[in-house]
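Report on the following structure.
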Amino acid sequence: ISVRFFVDRGQDKEPTSKTYAKYEAIVSQMGERISLDTQAEVDTFEIDLGGGARMTCYAANGYVRGRDTAVRYVNTENERSLCFLIRYGGFDYLLGGDTIGRKAGSENAKVELAIGESLVRDGIHVDVYHANHHGANNGSSTPFLELIRPEIAVISLGDGNSHGHPHADALQRLQRAGVQRIYQTETGTTEGNIPSAVQALQSIVNGHILLSSDGEHYSINETTFEVDH
């Protein structure tokens, strides 16, 4: 795969892991690194995807688009995750990587909430929400979901994962927020019983999830929905 640009959260307090070292080696050999590690960069960074589609940065390294200051207590890689909004016509797709917003261990930064507030301020109606942190319990917080009110949730995860993704509580929060359907790449390793109200929304694909949009409608694995204006 030929990659021209690598966009990341910047070099502030860089990890010392072998995985991160491998990433730096790949970037130096294959393309150009774009680091989003200031408020100004997060406020202005967009990618023109062509045909009128745009990919707009909403968070990176604890900075959230349109804020005066960084979110407080950002310390971990999850809290520094990048978040992007893909827009095409009236269609809006939000994906935030491992972004979180609920207290878990040493993590307690309300990055999700800040993103939700920024989206509301910009008048964004999220159609599809790519669930943060693979459906983990430290993501998809209730205050965040109540702000973005997505119609559809997509969860990317692996079967047999050792993290308990997706978490039963996160699934229930999606259901209570009014999500119409939850598409999962795999069943995952949810612990405990999943309520029947959640099971009724789940669609386990066991593979790829294909999403397409003409700006007025969008289709997920051949099921069509209208965009939320």
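Checking THR69 against (1) open to solvent by 40 Å² or more (accessible area, probe 1.4 Å); (2) among the hydroxyl-bearing types (Ser, Thr, Tyr); (3) touching a residue at least 60 places away in the same chain (Cβ under 8 Å), only one condition comes out false. Which one?
(3)
Just to be sure before I move on: is GLY62 at pLDDT 95 or above, in contact with a Leu (Cβ under 9 Å, 6 or more places away or on another chain), surrounded by 18 or more Cβ atoms within 10 Å (Cβ to Cβ) and not polar (S, T, N, Q) in the structure I sent?
Answer is no for this residue.
Quick one: count up the residues across the stretch 182-197 that are crowded, with 17+ Cβ neighbours inside 10 Å and not hydrophobic (A, V, I, L, M, F, W, C).
The qualifying residues number 6.
I need the full set of residues from the stretch 111-140 which are within 23 Å of VAL42 (Cα to Cα), open to solvent by less than 10 Å² (accessible area, probe 1.4 Å) and among the small types (Gly, Ala, Ser), in order please.
Selection gives ALA114, GLY116, SER118, ALA131, GLY139, SER140.
From the set of residues in the stretch 27-43 that are out of contact with any Lys or Arg (no Cβ under 9 Å at 6 or more places or on another chain) and open to solvent by 70 Å² or more (accessible area, probe 1.4 Å), which is nearest to VAL74 (Cα to Cα)?
Checked the stretch 27-43; the qualifying residue nearest to VAL74 (Cα to Cα) is SER28.
Out of everything in the stretch 89-103 that is more than 12 Å from the chain's Cα centre (by Cα) and crowded, with 21+ Cβ neighbours inside 10 Å, what residue ends up being farthest from LEU145 (Cα to Cα)?
My answer is PHE91.
The values are calculated or read from the model by the stated rules, or taken from the named source; none is laboratory data. Just so it is clear, the model here is predicted, and its values are computed rather than measured. Virtual Cβ from ideal backbone geometry, glycine too; neighbours counted across all protein chains shown. SASA here: full protein model, heavy atoms, side chains in, ligands and nucleic acids out. Shrake-Rupley method; radii C 1.70, N 1.55, O 1.52, S 1.80 Å.
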